[in-house]
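Notes follow once the structure below has been shown.
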Amino acid sequence: MKIAIVTSEATPFSKTGGLADVTGTLFKQYLRMGHDAYLFTPLYRKIYEGFSDNLEDTNLELNIQLGIDIKPCKILKHKKHNIFFIGNQEYFGRRELYEDTSGEYPDNGARFAFFCKAFLEVIQKLQISFDIIHCNDWQTGLIPLYLTINLKEKEIFSKTHTVFTIHNLAYQGLFPPEILGYIGIPYDLFHLEGIEFYGHVSYLKAGIIFSDVITTVSKTYAKEILTPDYGFSMDGILRKRANYLYGIVNGIDYNEWNPATDPYIPYRYDKRNLNEKEKNKTYIIERCGLNIEPQNPLLCFVGRLSYQKGIGLILSSLDDKLINKVGIIILGRGQFEYQESISFLKQKFPERVFFYNGFNEELAHLIYAGCDILLMPSRYEPCGLGQMIAMRYGNIPVARETGGLADLIEDGVTGFLFKEYSKEDFSIALKVAIYAYKHKKLWNSLMKEAMSRDFSWEKSANEYLKLYSNLLS
Ligand code: ADP
């Protein structure tokens, strides 16, 4: 089966969040399983700066038409694998992927329309006829649309099917209707049943409507997004396509996230030598300049500082009384107001609270290994990788029962779940976890259970492959 994964980010080349982990690792998993997989992603500045030794020129140079503009496109390829990087200095030669300090890049609509068009032209130039084109999130939502309206008759696409995975419904790729002419989409698609979304063009909606099947990243989230509470106003259109919507939970990269071999952590361990984990705790406490009694748990948060992640709940629950019984390490970047509030908390409790404001892969590994309890009180969580990584490292999640958190954490066995998004419910779950932590035998059994669960990609990759096969048959 010839499979193309098309994505705006993929580890190890580019990453702002879980999307990169998922696409990068799924691609590797397909290769491991012997499938003929290809990956297509933009050539960001960071990639040609950081990976130039691994890249070769394909000598493919295209001209992509956007309105009356002709945009040059250069294609680089990974030396070893079928990973193609779609380059354009103007659009992707920037420091960040989607935004800078003043907000989202104003031309994101043009940038990712360019990416979608360029992908479709590249594969025609390369004469690769894919069985499956697997698109991810709004940045690739126009691919199924362009295929349907422009390319269906072409021989090269005669057996091609499209899969569109929603990693987070909140990001909808919304642009003013004036963009339609520029990106080559007829105005007669701009209506309620088409790609109009409250007066805007939505690239996500294009993917939902025009793909052969839609998937999202956990079974619970696949059900949640059909409801107004979680549907971000897309629930109506999703309900219409509910028969084509599947939930397939993500996995994590077991080579990268393995406490027994992790090069980032000073003391490697598995579930048979958990006292080594304890040493990582001492190490990170020192490194972060904290002062916490050994009988008290070390809590942590790793993730985007965004509305979704429930930072407000963490901040409101960490009152003076609780903070004196724990330590907490927060690693994240994101919304200014959360940064401010966390910095304030750190100033107030310098020996109890550590905050790293930014993205730091090494510190993330140290935190997962050295801390005891991971906080994930998300308002919604399509899948979530943090809880899987944490469990693999014997770091017990306290999480809201939603999306992938509900699917992957067994309450009282591998973590603690709470239902309502409220300070009360979260505080109770946290108190139960802290109580459990004080009972060494109980805590050890929680850690061992959590570390025994299988979150490797193989199972999920097989589910995708089954779905692809069903489409082809
Ligand atoms: P989302 O995709 O919503 O951001 P996920 O839980 O699916 O959340 O995935 C987030 C991934 O990014 C995890 O691997 C997490 O460890 C990592 N991550 C998030 N924020 C940071 C950060 N500031 N520094 C290092 N790693 C981070």
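The values are calculated or read from the model by the stated rules, or taken from the named source; none is laboratory data. Please read all numbers here as calculations on a predicted model, not as lab measurements. Because the Cβ atoms are built from the backbone with ideal geometry, glycine has one as well, and the counts that use them run over all protein chains shown. Quick note on the areas: whole protein, heavy atoms, side chains included, nothing else; ligands and nucleic acids left out. Shrake-Rupley method; radii C 1.70, N 1.55, O 1.52, S 1.80 Å.
Using Cα-only point scatterers and the Debye equation, what is log10 of I(q)/I(0) for segment 184-284 at each q in 0.11, 0.12, 0.20, 0.21 Å⁻¹, rounded to two decimals?
-0.57, -0.61, -0.95, -1.02
Among residues other than residue 393 whose Cβ falls under 14 Å from its Cβ, what is the net charge (Lys/Arg +1, Asp/Glu -1)?
On the way: positive: 268, 271, 277, 279, 281, 392, 448, 453; negative: 253, 256, 262, 270, 276, 278, 372, 449.
With Lys, Arg at +1 and Asp, Glu at -1, the neighbours total 0.
Nearest 10 degrees, 0 to 90: what angle lies between the long axis of helix 275-287 and the longest principal axis of the chain (Cα atoms)?
The angle comes out near 80 degrees.
Tell me the net charge near residue 253. Cut-off is 10 Å between Cβ atoms, residue 253 excluded, with +1 for each Lys or Arg and -1 for each Asp or Glu.
-1
Out of all DSSP beta bridges with both ends in the chain, state the antiparallel percent to the nearest 5. Mind showing how you got there, number by number?
Values: 20 of 66 bridges.
Counting only bridges with both partners in the chain, antiparallel ones make up about 30 percent.
Could you give the length gained on full extension between residue 470 and residue 148, defined as 0.36 nm per residue of separation minus the Cα-Cα distance, in nm?
On the way: separation 322, 0.36 × 322 = 115.92 nm, distance 2.00 nm.
Contour length minus Cα-Cα distance gives 113.9 nm.
Between residue 155 and residue 242, what FRET efficiency follows from the Cβ-Cβ distance if R0 is 45 Å, with the result rounded to 0.05? It would help to have the intermediate numbers written out before the result.
Numbers: r = 33 Å, r/R0 = 0.73.
Working from the Cβ atoms, E equals 0.85.
Angle, helix 423-437 long axis vs. longest principal axis of the chain, Cα atoms, 0 to 90°, nearest 10?
60
Using 1/(1 + (r/R0)^6) with R0 = 25 angstrom and r between the beta carbons of residue 448 and residue 278, what's the FRET efficiency to the nearest 0.05?
With R0 = 25 Å, the Cβ-Cβ based efficiency is 0.95.
When the accessible area of the chain is computed with all protein chains present and a 1.4 Å probe, what percentage of it is carbon and sulfur? Could you put the intermediate results ahead of the total?
Details: 10020 of 19580 Å².
Using a 1.4 Å probe with all protein chains present, the chain comes out at 51 percent carbon and sulfur.
Is the shape of segment 275-455 best called rounded, prolate or oblate, per the rule: a/c under 1.5 gives rounded, else a/b larger than b/c gives prolate, else oblate, with a ≥ b ≥ c the square roots of the Cα gyration tensor eigenvalues?
Details: a/c = 1.33, a/b = 1.08, b/c = 1.23.
Because its axes are fairly even, with a/c under 1.5, segment 275-455 counts as rounded.
What does the accessible area per residue of the chain come to in Å², with a 1.4 Å probe and no ligands, DNA or RNA counted?
41
From the phi of every residue in segment 298-303, what ³J(HN,Hα) in whole Hz does the Karplus formula 6.51 cos²θ - 1.76 cosθ + 1.60 yield, where θ is phi - 60° and glycine or proline is x?
Values, residue by residue: 9, 8, 8, 9, 10, x Hz.
In nm, to one decimal, how far is the modelled label at residue 79 from the one at residue 287, with both set 7 Å along Cα→Cβ?
Between residue 79 and residue 287, the simple spin-label model gives 3.1 nm.
Assuming 0.36 nm per residue, please report the length gained on full extension of the stretch residue 36 to residue 99 beyond their Cα-Cα distance.
On the way: separation 63, 0.36 × 63 = 22.68 nm, distance 3.35 nm.
Gain on stretching residue 36 to residue 99: 19.3 nm.
Taking Cα atoms, how many degrees apart are the long axis of helix 336-348 and the longest axis of the chain, rounded to 10 and kept between 0 and 90?
That helix lies at roughly 20 degrees to the long axis.
Kindly write out, for segment 183-196 in residue order, the coupling ³J(HN,Hα) from the Karplus curve 6.51 cos²θ - 1.76 cosθ + 1.60 (θ = phi - 60°), rounded to whole Hz, with x marking Gly and Pro.
Karplus values, whole Hz, x for Gly and Pro: 9, x, 10, x, 4, 6, 8, 8, 8, 4, 7, x, 9, 7.
Express the C-alpha Rg of the chain as a ratio against the empirical globular expectation 2.2 N^0.38 Å, rounded to two decimals. Show your work: numbers first, answer last.
Numbers: Rg = 22.8 Å, N = 473, 2.2 N^0.38 = 22.8 Å.
Computed over Cα atoms of the chain, the ratio equals 1.00.
Add +1 for every Lys or Arg and -1 for every Asp or Glu among the other residues with Cβ under 9 Å from the Cβ of residue 381, and state the total. Mind dumping the intermediate values first?
Values: positive: 309, 379, 400; negative: none.
Residues near residue 381 contribute +3 overall.
What percent does the relative contact order of the chain come to when contacts are Cα pairs within less than 8 Å and at least six residues apart?
Details: 899 pairs, mean separation 56.7, N = 473.
Relative contact order comes out at 12 percent.
Could you give the length gained by full extension between residue 58 and residue 351, i.e. 0.36 nm per residue of separation minus their alpha carbon distance, to one decimal place? Kindly include the intermediate steps, with their values, before the conclusion.
Numbers: separation 293, 0.36 × 293 = 105.48 nm, distance 5.40 nm.
Extra length from residue 58 to residue 351 when fully extended: 100.1 nm.
For segment 173-181, just list the computed ³J(HN,Hα) in residue order, Karplus coefficients 6.51, -1.76 and 1.60, θ = phi - 60°, integers in Hz, with x standing in for Gly and Pro.
Here the 3J(HN,Hα) series is x, 9, 9, x, x, 4, 6, 3, x Hz.
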